[in-house]
Amino acid sequence: MASTFFIKNNGDSAFPKKGHSLATSKRKNDEDLGGNSKGRAKKPNSKHNEEISSESETESTAEQNEREGEDEFDETPQEKKLRLAKVYLDQLREEEEKKAEQVSFETELVAGRLQEELVSIFQLSLLAPDASEIRVLRGHQLPVTCLVISPDEKFIFSGSKDCSIIKWDIETGKKLHTIKGGRKGTEARHGGHTTQVLCMAISSDGKYLASGDMNRAIIIWEPDTCKQLYKLKGHRGAVSALSFRTGSHDLYSGSHDRSVKVWNVDENAYVETLFGHQDAITGLDCLSRERCVTAGGRDNTVRVWKITEESQLVFHGHGGSIDCIQLINEEHMITGSDDGSVSVWSVNKKKPLSTVKVAHGSFGEAGLEQPHWVASVAALQNSDTVASGSDNSEVHVWACGQGFRSLQPLFSVPVPGFINSLEFSTSGKFLVAGVGQEHRLGRWWRQKEAKNGIYIIPLKRRSAQQEEPPATE
């Protein structure tokens, strides 16, 4: 029987001829149709199909962009009015923002000038105290490592390597209460610390006193009665730094385990742990914002921890171990290092704004001099007056220059021994130094002639008559 074939106009058979497989016919048809026959899947392994697919996508994308371009110009009168109205509103908003920025800049400029004038007046009015005016309070058997002043400036609380805490009356200089230290291993039955007390903090309302020790414990006390309220545990290393957030009972703690912990003292509760430092934390401070600053010892960094944002800023020092830190205000801080330098930082700059190298001099033979370590720093909050302490038997009081870009010495106060802790009173009427025969974190040197105690240094100011220039005829 003869075979019947259906022939297309192009002369090709619509069905496979004899001697041709079905697959061969399909490839032929695909090639004739440019590989775009509808309803047929392309072979994924075919290089020819891949090239055709890419060209097809490019062509379809170009056609789509062309159609979108046509749609953009095809807008109704109402849509055009709406678009122009939005443009006009954006212009008005930009103009208002520029005006607000200008007003804010002018306000900050005036406020900055007024603050600089007030600060300069305060600095110029400070006088170095006479040695006879400095009071010394003795009661600790071993070096004083830390201290705090009560918000009402009536009491001082001091901690020591002898594991004890003493409450002092500032006016009379008498001991009001002593929390004796116990032996290591008697924590269960002893009501106080059983290892060296390294740090202390008091809340801004005077309701809570916190102390940390070498045994990883944080103890919360009632300042009025010196009664123990509870212990906070969680650190895996010595608790080396404590600070309450101003206006709250949030407590920040730094440890040799390289972590910062946040606590809610009202609830006797742990909140969270912050990691980042590569070495033991040696100092910590905070003010009213939900953030704190820390010194990382030999990792040579200062970190600003933004609690709510769950982020941190890292600042690198010049070298050495950064052993102490204090906030001057919410934007600036001061640090001391074992390379002898004192630095002022801004939270907006990665490097110090100003640094005084070998701030407390050096010791040793010629050519082998070593700087005196800076063991403590303090700042009179929201002013430009700061202080630093070392083992060179002097407390240096400094004035920060304009924009905190320089440090100028005001005067020095003779205080023999290691100055392990410094704190200004809130009013700026006096400065308190905690002194010992040894450094608070170790026993590298010992000054036998020094006395373990508290030094209260009055900050005198010139009287109005002294400040007035002499009259000229």
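Looking at segment 248-273, which of its residues are surrounded by 14 or more Cβ atoms within 10 Å (Cβ to Cβ) and in a loop (DSSP other than H, G, I, E, B)?
Matches in segment 248-273: Ser248, His249, His256, Asp257, Arg258, Val265.
Pairs needed: first member in segment 394-407, within 17 Å of Ser421 (Cβ to Cβ) and in contact (Cβ under 8 Å) with a residue 24 or more places away in the chain; second member anywhere, open to solvent by 10 Å² or more (accessible area, probe 1.4 Å) and hydroxyl-bearing (Ser, Thr, Tyr); C-beta distance under 7 Å; at least 6 residues apart or different chains.
Every condition considered, the pairs that remain are Glu394/Ser412; Val395/Ser412; His396/Ser412.
Does segment 200-228 hold any residues that are open to solvent by less than 10 Å² (accessible area, probe 1.4 Å) and part of a strand (DSSP E or B), and which are they?
Ala201, Leu209, Ala210, Ser211, Gly212, Asp213, Ile218, Ile219, Ile220, Trp221, listed by residue number.
Quick one: is Ser158 open to solvent by 30 Å² or more (accessible area, probe 1.4 Å), hydroxyl-bearing (Ser, Thr, Tyr) and either under 26 Å from Asp323 (Cα atoms) or touching an Asp or Glu at 6+ places or on another chain (Cβ under 9 Å) (or both)? First the steps, then the outcome.
Numbers: open to solvent by 30 Å² or more (accessible area, probe 1.4 Å): no; hydroxyl-bearing (Ser, Thr, Tyr): yes; either under 26 Å from Asp323 (Cα atoms) or touching an Asp or Glu at 6+ places or on another chain (Cβ under 9 Å) (or both): yes.
Answer is no for this residue.
Which condition does Gly276 not pass, out of (1) open to solvent by less than 40 Å² (accessible area, probe 1.4 Å); (2) closer than 20 Å to Asn215 by Cα; (3) without any contact (Cβ under 8 Å) to a residue 40 or more places away in the chain, if it passes all the others?
For Gly276, the failing item is (2).
What tally of residues in segment 304-319 results from selecting those that are of a type in the set (Gly, Ala, Ser) and surrounded by 13 or more Cβ atoms within 10 Å (Cβ to Cβ)? I'd like the intermediate steps shown before the answer.
First, the residues of segment 304-319 that are of a type in the set (Gly, Ala, Ser): 311, 317, 319.
If we keep only those that are surrounded by 13 or more Cβ atoms within 10 Å (Cβ to Cβ) too, we end up with 317.
Residues in segment 304-319 being of a type in the set (Gly, Ala, Ser) and surrounded by 13 or more Cβ atoms within 10 Å (Cβ to Cβ): 1 in total.
Can you tell me which residue among Val415, Val397, Val358, Val432 is over 26 Å from Asp169 (Cβ atoms) and β-branched (Val, Ile, Thr)?
Details: Val415 fails: over 26 Å from Asp169 (Cβ atoms); Val397 fails: over 26 Å from Asp169 (Cβ atoms); Val432 fails: over 26 Å from Asp169 (Cβ atoms).
After applying the criteria, what remains is Val358.
Would you mention how many residues in segment 279-288 are surrounded by 14 or more Cβ atoms within 10 Å (Cβ to Cβ), of a type outside the set (A, V, I, L, M, F, W, C) and assigned to a loop (DSSP other than H, G, I, E, B)?
We begin by selecting, within segment 279-288, every residue surrounded by 14 or more Cβ atoms within 10 Å (Cβ to Cβ); these are 279-287.
In the following step, the residues that additionally are of a type outside the set (A, V, I, L, M, F, W, C) were identified as 279, 282-283, 285.
Those still in the list that are assigned to a loop (DSSP other than H, G, I, E, B) too: 279, 282.
The qualifying residues number 2.
Identify, please: which residue in segment 170-194 is hydroxyl-bearing (Ser, Thr, Tyr) and more than 24 Å from Tyr455 (Cα to Cα) and is, among those, nearest to the chain's Cα centre (by Cα)? Steps first, please.
Filtering segment 170-194 for residues hydroxyl-bearing (Ser, Thr, Tyr) gives 172, 178, 186, 194.
Still in the list and also more than 24 Å from Tyr455 (Cα to Cα): 186, 194.
Details: Thr186: 36, Thr194: 31 Å.
Only one residue fits best here, namely Thr194.
Looking at this structure, is Pro129 in a loop (DSSP other than H, G, I, E, B) and open to solvent by 50 Å² or more (accessible area, probe 1.4 Å)? Talk me through it step by step, then tell me what you get.
Working: in a loop (DSSP other than H, G, I, E, B): yes; open to solvent by 50 Å² or more (accessible area, probe 1.4 Å): no.
When the stated conditions are applied, Pro129 does not pass them.
Open to solvent by 20 Å² or more (accessible area, probe 1.4 Å), more than 25 Å from Ile165 (Cα to Cα) and of a type in the set (Asp, Glu): is that true of Glu365 in this structure? So that I can check it myself, show each step before the final result.
Working: open to solvent by 20 Å² or more (accessible area, probe 1.4 Å): yes; more than 25 Å from Ile165 (Cα to Cα): yes; of a type in the set (Asp, Glu): yes.
Yes: the conditions hold for Glu365.
For segment 360-369, indicate whether the set of residues that are touching an Asp or Glu at 6+ places or on another chain (Cβ under 9 Å), of a type in the set (D, E, K, R) and part of a loop (DSSP other than H, G, I, E, B) is non-empty. Spell out the reasoning first.
Taking segment 360-369 first, the residues touching an Asp or Glu at 6+ places or on another chain (Cβ under 9 Å) are 360-363.
Pick out the ones that are also of a type in the set (D, E, K, R) and you get none.
No; the residues of segment 360-369 include none that is touching an Asp or Glu at 6+ places or on another chain (Cβ under 9 Å), of a type in the set (D, E, K, R) and part of a loop (DSSP other than H, G, I, E, B).
Scan segment 229-247 residue by residue and report those that are touching a residue at least 40 places away in the same chain (Cβ under 8 Å) and either buried (at least 16 other Cβ atoms within 10 Å of the Cβ) or out of contact with any strand residue (DSSP E or B) (no Cβ under 6 Å at 6 or more places or on another chain) (or both). Walk me through how you get there before you give the answer.
Residues of segment 229-247 that are touching a residue at least 40 places away in the same chain (Cβ under 8 Å), as a first pass: 237-247.
The answer is Ala238, Val239, Ser240, Ala241, Leu242, Ser243, Phe244, Arg245, Thr246, Gly247.
Contact list please: Cβ distance under 8 Å, first residue in segment 298-313 and closer than 17 Å to Gln326 by Cα, second residue part of a loop (DSSP other than H, G, I, E, B) and of a type in the set (Asp, Glu), pairs at least six apart or on different chains.
If the second residue must be part of a loop (DSSP other than H, G, I, E, B) and of a type in the set (Asp, Glu), the pairs left are Lys306/Glu290.
Since Ser421 meets every condition but one in (1) more than 22 Å from the chain's Cα centre (by Cα); (2) small (Gly, Ala, Ser); (3) open to solvent by 10 Å² or more (accessible area, probe 1.4 Å), which condition does it not meet?
Of the numbered conditions (1) more than 22 Å from the chain's Cα centre (by Cα); (2) small (Gly, Ala, Ser); (3) open to solvent by 10 Å² or more (accessible area, probe 1.4 Å), the odd one out for Ser421 is (1).
The values are calculated or read from the model by the stated rules, or taken from the named source; none is laboratory data. Please read all numbers here as calculations on a predicted model, not as lab measurements. Cβ coordinates were reconstructed from backbone atoms using ideal geometry, including for glycine residues, and neighbour counts include every protein chain displayed. We work out accessible area using only protein heavy atoms, side chains counted, and drop any ligands, DNA or RNA first. Shrake-Rupley method; radii C 1.70, N 1.55, O 1.52, S 1.80 Å.
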